[in-house]
Amino acid sequence: MKILVTGAAGFIGYHTVNRLINEGHSIVGIDNLCDPDTVDLKKIRLSLLGINPDAIADARPVRSTIAQFDFIKLDVQDRENVLRLCNDLRFDAIIHLAAVTGTTLSSNYPTAFYDINTTGTLNMLEAARLANVKHFFFTSSSVVHGKLSHAPMEEQDDVDSPMSMYAGSKRAAELLCYTYAHSYNLPITIFRLFSVYGSWCRPNSAPMSIAYNITEGKPIRVINNGYLVRDFTYIDDVLDGVIFALNTPSHKPGRAPYALYNVGRSTPVPYLSFIQAIETTLGMPAIIERDSTDPFTIGEQVEMYADTTRLETELAYSPVWDYEEAVPLFAQWFKDNYNVTFTI
Ligand SMILES: NC(=O)c1ccc[n+]([C@@H]2O[C@H](COP(=O)([O-])OP(=O)(O)OC[C@H]3O[C@@H](n4cnc5c(N)ncnc54)[C@H](O)[C@@H]3O)[C@@H](O)[C@H]2O)c1
């Protein structure tokens with residue numbers, strides 16, 4: 001298949017491109033390489049995919065030296081160029097991952113979150129519609145499960161009370177996806193992802209900041225006096241799911257070709273146990289600072305894990321990696337690479 005991956009220099013984007021190349025697909029990746037704090041990490045990920053970072057220039061394709069992969073520095077907000085790219089290259093599928101993330105950050109930049117996550121998704125949907133793309137895949141987030149949703153989170157929960165602009169922008173994008181599936185018969189699959197981690201993770205994600213703080217001897221602040229439960233999902237499980245979904249676009253007679261799945265390991269993990277697992281592999285003590293902040297006040301839930309019944313029944317797939325097995329892989333990667341191939 002010829003596939004467009006947006007957000008290709010990001011954590012999940014990098015792994016997705018890598019996996020799809022290995023599966024024999026031909027890939028074009030786009031990313032605007034935003035955020036000066038993380039641009040070096042994004043360029044390292046791209047160089048691992050055979051892209052020479054020095055050759056990157058706005059809207060000009062750079063060919064990988066090792067794979068069927070072209071990278072273009074392009075913003076999903078640039079509707080004209082996004083439409084042109086899709087019209088010219090006639091992709092079989094679009095995997096739309098580009099986004100800005102983070103509940104706290106989103107409260108400082110509400111319009112940017114809407115412009116990129118919501119309008120950017122609209123641009124990609126419109127490009128898919130006009131170019132007759134056969135399957136549109138979108139990653140939403142567990143954060144859409146707002147005030148009215150309780151663990152384990154199910155797809156049919158009421159998610160119309162988002163608690164942050166990040167959540168609201170993703171929920172709005174989900175609704176646009178449904179609208180395009182219904183109105184234009186565009187096959188769409190959405191994964192609502194729950195706390196994904198693995199090598200080359202996002203620096204602002206919990207696993208990376210935990211590993212960083214332990215390594216640097218800095219305190220790790222845990223809100224709600226240390227009691228939080230999360231569904232940590234290993235990257236390989238997400239990649240397997242993407243492959244399953246890509247090969248199985250939804251076709252339900254008489255209904256829009258639309259499928260939405262909650263994707264997590266479906267195991268509630270106390271946040272402090274997750275920290276302890278990283279601490280053990282790093283072989284250094286974590287300094288925990290319990291903080292009384294109520295998660296709701298910063299757009300977070302106390303307990304959050306996925307009900308994956310729909311994923312198992314409709315897609316015949318379920319994540320398998322337990323954190324006890326996967327965290328040592330992640331933490332060892334961090335130990336081997338932090339201050340060697342990357343810094344934060
Ligand atoms: N990692 C997780 O735990 C998690 C959980 C839930 C949902 N998600 C979703 O998965 C997707 C990928 O997440 P990630 O963890 O890889 O994040 P990431 O920040 O590592 O990757 C996102 C990429 O999108 C790019 N991007 C941002 N704005 C852009 C724009 N306007 N045009 C083009 N590119 C742009 C960024 O440069 C970045 O490389 C996102 O949509 C995110 O909301 C991730």
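What follows draws every value from the coordinates through simple rules; no lab data is involved. Not measured: the values here are computed from a predicted model. As a convention, Cβ positions derive from the backbone with ideal geometry for all residues, glycine included, and neighbour counts pool all protein chains shown.
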| Whole-number Å³ per residue for the convex hull built on Cα positions in segment 159-253 | 143
| field | Antiparallel bridge percentage (DSSP; both residues within the chain; nearest 5) | value | 10
| Using the Cα atoms of segment 42-103 to build a convex hull, what is its mean projected area in square nanometres? | 5.3
| query | Which distance in nm do the two modelled labels at GLN77 and ASP92 give, with both placed 7 Å along the Cα-to-Cβ direction? | reply | 3.4
| task | Mind listing the long-range amide H neighbours of SER161? Cut-off is under 5 Å, sequence gap 5 or more, other chains count too, H placed in the peptide plane at 1.01 Å from N. | result | GLY146, LYS147, LEU148
| request: Please give the length that would be gained between ASN339 and ARG310 if that part of the chain were fully extended, namely 0.36 nm times their separation in residues minus their C-alpha to C-alpha distance (nm, one decimal). | output: 6.3 nm
| note | Once both label points are put 7 Å beyond Cα along the C-beta direction, the LEU48-CYS34 separation in nm becomes 2.3
| request: Using just the helices of the chain, give the 222 nm mean residue ellipticity in deg cm²/dmol: DSSP H runs with n ≥ 4 each add -39,500 (n - 2.57), and the total is spread over all residues, rounded to 500. | output: -11500 deg cm²/dmol
| note | Expressed in Å to one decimal, the Kirkwood Rh of the chain from all distinct alpha-carbon pairs is 20.4
| Relative frequency of Cα-Cα separations exceeding 14 Å in segment 150-195, percent | 59
| query | Gap in Å between the Cα centre of segment 92-149 and the Cα centre of segment 22-89? | reply | 18
| query | Using mean Cβ contacts within 10 Å as the protection proxy, how do 188-200, 281-293 order, highest first? | reply | 188-200, 281-293
| message | Going by Cα centres, segment 286-326 and segment 180-212 are how many Å apart? | response | 13
